[in-house]
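K.L.:
Below is the structure I would like to discuss, written out as structure tokens.
Taken together, the values in this text are just the output of simple stated rules run on the coordinates, not laboratory data. Treat the numbers as computed from the prediction; the structure is a model and nothing was measured. Backbone-built Cβ (ideal geometry, glycine too); neighbour counts: all protein chains shown.
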Amino acid sequence: MDFTLPTYVRLLESTTKYSIVTVSDFLSGKAAEPFIVLRHDVDKNPYRAARMAKLENRLGVHATYYFRWDPKLLHVDRGYPSGTEAGGFPASYVLEAKLYGHEVGYHYENLSSLAPRKLGAEALRDAALADFAEKLAALRKVAPVATVCAVPSGKFNNSELLVGADVKSLQLLGDTSSKFGELPHVSDAGRRWRSPAGPGTRLDERVKGTDGLIALLSSAKYPRLMLSVRPGNWAAGKIEWALDTVMRR
């Protein structure tokens, strides 16, 4: 039974040969080899991000949490508790991540979210940049934000939005989407450990389950590594894991 929080604890405990750093640590040159950049994309289930943030804090680990704007959070009558929103960000969970000492970032998708307006390419980019700045400002009302990361999208490559843009004028260290081209990367997308295609990003071997990743990290084969973990993939225990498995079928 993989992808449970007890298994995640074992995963973190296998990194004793590394220092675990945030994205900002890496981009500002504060990471000394061997290191793991630990990043979390909070696409859904933000309460799972909060409990993972608490667990990591207990283990002395600090990571970067990228929060996505969810338009459903603007409607508190749809099952979301009142008072938890900062625009479309889950403010109470963002605050918990900040409270436990983690970095908060913006998981942006402004090109793909505005694409249905069927604007011309230049008009779409201008509108998306304005939307990006507005949502970034909303998230900064809850926590400092120094880095951002694009949400993958099929037709519209959200990471292209900031290519050539002056990110320093937005008081950003950088965009994770474009800064890790030569850093080996492993992700738990789809509850399977994968290494994305690209020069320098793919591992030399396939990782079979979290036990396989634990063995790899214990060996410290890679002196530089980015580990992308989605809190929504990790269940608290057997019952939640079984429910997740049924829902994914």
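K.L.:
Would you mind estimating how fast the range 5-247 diffuses translationally, via Stokes-Einstein at 20 °C and 1.002 mPa s with the Kirkwood radius over Cα pairs, in µm²/s?
P.N.:
Numbers: Rh = 18.7 Å.
Roughly 115 µm²/s, to the nearest whole number.
K.L.:
Also: Okay, which of the range 212-228 sit inside 13 Å, backbone N to the point 7 Å along the Cα-Cβ direction of GLU205?
P.N.:
Zone members listed by number: 212-222.
K.L.:
Something else about it: For LEU59 and LYS17, calculate 0.36 nm times their separation in residues minus their Cα-Cα distance, and state this gained length in nm to one decimal. Before the final figure, lay out each step's value.
P.N.:
Details: separation 42, 0.36 × 42 = 15.12 nm, distance 1.49 nm.
Between LEU59 and LYS17, full extension yields 13.6 nm more.
K.L.:
According to the square roots a ≥ b ≥ c of the eigenvalues of the Cα gyration tensor, what is the shape class of the range 134-249, taking rounded for a/c under 1.5, prolate for a/b larger than b/c otherwise, and oblate for the remainder?
P.N.:
Details: a/c = 2.02, a/b = 1.37, b/c = 1.48.
The shape class here is oblate.
K.L.:
List the trypsin sites (Lys or Arg not before Pro) within the range 113-189 that DSSP assigns to loop and that have no more than 10 neighbouring Cβ atoms inside 10 Å. Could you put the intermediate results ahead of the total?
P.N.:
Working: sites: ARG117, LYS118, ARG125, LYS135, ARG140, LYS141, LYS155, LYS168, LYS179; in loops: LYS118, LYS141, LYS155.
Sparse-neighbourhood loop trypsin sites (Lys or Arg not before Pro): LYS118, LYS155.
K.L.:
Please list 3J(HN,Hα) in residue order for the range 123-128, calculated via the Karplus relation 6.51 cos²θ - 1.76 cosθ + 1.60 where θ = phi - 60°; whole Hz, with x for glycine and proline.
P.N.:
Going residue by residue, I get 5, 5, 5, 4, 5, 5 Hz, with x marking Gly and Pro.
K.L.:
What's the magnitude of the charge dipole for the chain around its Cα centre, counting Lys and Arg as +1 and Asp and Glu as -1 at the beta-carbon? Answer in Debye, nearest 20.
P.N.:
Working: 34 positive and 27 negative charges, 108 e Å.
Computed about the Cα centre, the dipole is about 520 debye.
K.L.:
Putting +1 on Lys and Arg Cβ atoms and -1 on Asp and Glu Cβ atoms, find which of LEU139, ALA236, SER169 reaches farthest to the positive end of the dipole of the chain.
P.N.:
Among LEU139, ALA236, SER169, the one farthest towards the positive end of the dipole of the chain is ALA236.
K.L.:
Counting other beta carbons within 10 Å of each residue's own, what order do MET52, MET1 fall into, fewest first?
P.N.:
Details: MET52 25, MET1 11.
By the 10 Å Cβ count, ascending, the order reads MET1, MET52.
K.L.:
Then there's this: Any chance you could give the angle, 0 to 90 degrees and rounded to 10, that helix 46-58 forms with the longest Cα principal axis of the chain?
P.N.:
Approximately 40 degrees, to the nearest 10.
K.L.:
Between ALA137 and VAL246, how high is the FRET efficiency from 1/(1 + (r/R0)^6) when r is the Cβ-Cβ distance and R₀ = 30 Å? Nearest 0.05. Don't skip to the answer; put the middle values down first.
P.N.:
Details: r = 40 Å, r/R0 = 1.32.
The value I calculate is 0.15.
K.L.:
Also: Treat each spin label as a single point 7 Å out from the Cα along the C-beta direction, and report the GLU33 to GLU122 distance in nm.
P.N.:
4.6 nm
K.L.:
What percent does the relative contact order of the chain come to when contacts are Cα pairs within less than 8 Å and at least six residues apart?
P.N.:
Values: 427 pairs, mean separation 65.3, N = 249.
Once divided by the residue count of the chain, the mean separation gives 26 percent.
K.L.:
Not counting the cut sites, what is the longest span of the chain without GluC sites (Glu not before Pro) that DSSP labels loop and that have at most 14 other Cβ atoms within 10 Å?
P.N.:
Numbers: sites that count: GLU182, GLU205.
Counting at most 14 other Cβ atoms within 10 Å as exposed, the longest clean stretch of the chain is 1-181.
K.L.:
Have a look at ASN57, ALA127, ASN157 and report the one farthest towards the positive end of the charge dipole of the chain, computed about the Cα centre with Cβ charges (Lys/Arg +1, Asp/Glu -1).
P.N.:
The one lying farthest along the dipole's positive direction is ASN57.
K.L.:
Students often get this wrong, so check it: of LYS72/LYS208; LYS155/LYS238; LYS17/LYS54; LYS155/LYS221; LYS208/LYS238; LYS17/LYS98, which have C-alpha atoms separated by over 32 Å? Before the final figure, lay out each step's value.
P.N.:
Numbers: LYS72/LYS208 36 Å; LYS155/LYS238 37 Å; LYS17/LYS54 22 Å; LYS155/LYS221 36 Å; LYS208/LYS238 21 Å; LYS17/LYS98 26 Å.
From the list (LYS72/LYS208; LYS155/LYS238; LYS17/LYS54; LYS155/LYS221; LYS208/LYS238; LYS17/LYS98), the Cα-Cα distance tops 32 Å for LYS72/LYS208; LYS155/LYS238; LYS155/LYS221.
K.L.:
If you don't mind, there's one more thing I want to ask. Could you compute how fast the range 129-193 diffuses translationally, taking Rh as the Kirkwood radius over C-alpha pairs and applying Stokes-Einstein at 25 °C with viscosity 0.890 mPa s? Give it in µm² per second. Walk me through the numbers on the way to the answer.
P.N.:
Values: Rh = 13.5 Å.
In µm²/s, the coefficient is 182.
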